[in-house]
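A.B. asks: Sharing a structure here in structure tokens format.
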Amino acid sequence: MEKTVQIVTGGTSGMGLATARAVSKYGPVLIGGRNEQRLQEALESLRASGVDAHGARLDVSDASSVRAFAKTAQSIGAIGNVIHAAAVDMDNADVDTIVRINVEGTINIGETFYPLIQQGCSLANYSSVTGYYYQPNSEEIVLWSNPTAEGFGEAFKGALQVVDAPDAQLTPRMVAYFASKNFVMFYTKANAERFGRKNCRVFSVAPGSFMTPMLELQADNFDSIKKTTVFGRFGEPEEMAQLFVDLLDPRVSYLTGCDVLMDGGMFAKRTVPQLS
């Protein structure tokens, strides 16, 4: 795995940028993002800290853009770990955009890089604690089991359920976001066997509330959000980055086909009576 190219989509800020810096221990890093200015700023930051960093524009919702990004990666070297962090949040995107980027983008990355990833390496997806609040029904499971079908994105939107969270009924875009993150977990698990045939792993990690540019949009709610965790604080991007480095380590190579939750105890606190 060492000296292979480490791919980080959405690697221009927040947890993606921190993860790109951390996984550089395994080899050169290629980050992708839609915003050219942020991409260049991220590259400058990575290179200033000694990272062999490369960058290319990437729109994960566009399959042709993902293929071009993969060719850029191959021009650097053999493909190693692929960390898929590119996503949009429910606070800055509508339903269509959430499904295009979070759902179809995840499929595009997985399907494009599966044939290219080297033995012993991993595809690691960013999911979210919010995905645990959405459970697909039997019809959705049948639909989600064929993610490369034509018109999948539209079918995904059409099948969305009206669901309740512990605190309130969800708006349509909240439902789409929660479902999109559950799909990331589902798609990850569904890939376990075929990645295993290549002696590769696939897993996802679900963050809770981490101090990122996305979270900064909710500055008015910081105090109430902190109280949902057992530590009364936000996670730091570097904590998430360290978790990815640890999970990608060959010494934990039996871990695959699962989601790892890192949310400061948020889900546990909300769903299970806590002991005094």
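The values are calculated or read from the model by the stated rules, or taken from the named source; none is laboratory data. All values reported here derive from a predicted model rather than from experimental measurement. Cβ atoms come from the backbone with ideal geometry, glycine included; neighbour counts cover every protein chain shown.
A.B. asks: Can you tell me which residues in the stretch 63-121 are in contact with an Asp or Glu (Cβ under 6 Å, 6 or more places away or on another chain) and among the aromatic types (Phe, Trp, Tyr)?
C.D. replies: none
A.B. asks: Taking the residues in the stretch 88-127 that are assigned to a helix (DSSP H, G or I) and among the small types (Gly, Ala, Ser) as candidates, determine which candidate is surrounded by the fewest Cβ atoms within 10 Å (Cβ to Cβ).
C.D. replies: Among them, the one singled out is Gly110.
A.B. asks: Among the numbered criteria (1) closer than 18 Å to Val184 by Cβ; (2) over 16 Å from the mean Cα position of the chain (by Cα), which one does Thr106 miss?
C.D. replies: Status for Thr106: all satisfied but (2).
A.B. asks: Working only within the stretch 190-208, note down all residues that are surrounded by fewer than 22 Cβ atoms within 10 Å (Cβ to Cβ), of a type in the set (Lys, Arg) and in contact with a strand residue (DSSP E or B) (Cβ under 9 Å, 6 or more places away or on another chain).
C.D. replies: Arg194, Lys198
A.B. asks: Could you tell me which residue of the stretch 161-179 is farthest from the chain's Cα centre (by Cα), considering only residues that are closer than 10 Å to Tyr134 by Cα and at pLDDT 90 or above?
C.D. replies: Selected residue: Val175.
A.B. asks: Quick one: which residue in Gly11, Gly50 is assigned to a loop (DSSP other than H, G, I, E, B), surrounded by fewer than 20 Cβ atoms within 10 Å (Cβ to Cβ) and of a type outside the set (D, E, K, R)?
C.D. replies: So the residue among Gly11, Gly50 that is assigned to a loop (DSSP other than H, G, I, E, B), surrounded by fewer than 20 Cβ atoms within 10 Å (Cβ to Cβ) and of a type outside the set (D, E, K, R) is Gly50.
A.B. asks: Just one of Gly235, Gly208 is at pLDDT below 95 and within 14 Å of the chain's Cα centre (by Cα); which is it?
C.D. replies: Gly208
A.B. asks: Those residues that are assigned to a strand (DSSP E or B) and either surrounded by fewer than 24 Cβ atoms within 10 Å (Cβ to Cβ) or among the polar types (S, T, N, Q) (or both), I need them from the stretch 71-87; list them, please.
C.D. replies: Hits for the stretch 71-87 are Ile79, Asn81.
A.B. asks: Condition check: part of a loop (DSSP other than H, G, I, E, B) and either in contact with a Phe, Trp or Tyr (Cβ under 8 Å, 6 or more places away or on another chain) or among the small types (Gly, Ala, Ser) (or both). Does Ser61 satisfy that?
C.D. replies: Here the answer is yes, as Ser61 does meet what is asked.
A.B. asks: Next up: Identify, please: which residue in the stretch 133-152 is within 21 Å of Asp259 (Cβ to Cβ), at pLDDT 95 or above and among the hydroxyl-bearing types (Ser, Thr, Tyr) and is, among those, surrounded by the fewest Cβ atoms within 10 Å (Cβ to Cβ)?
C.D. replies: Looking at the filtered set, the residue picked out is Ser138.
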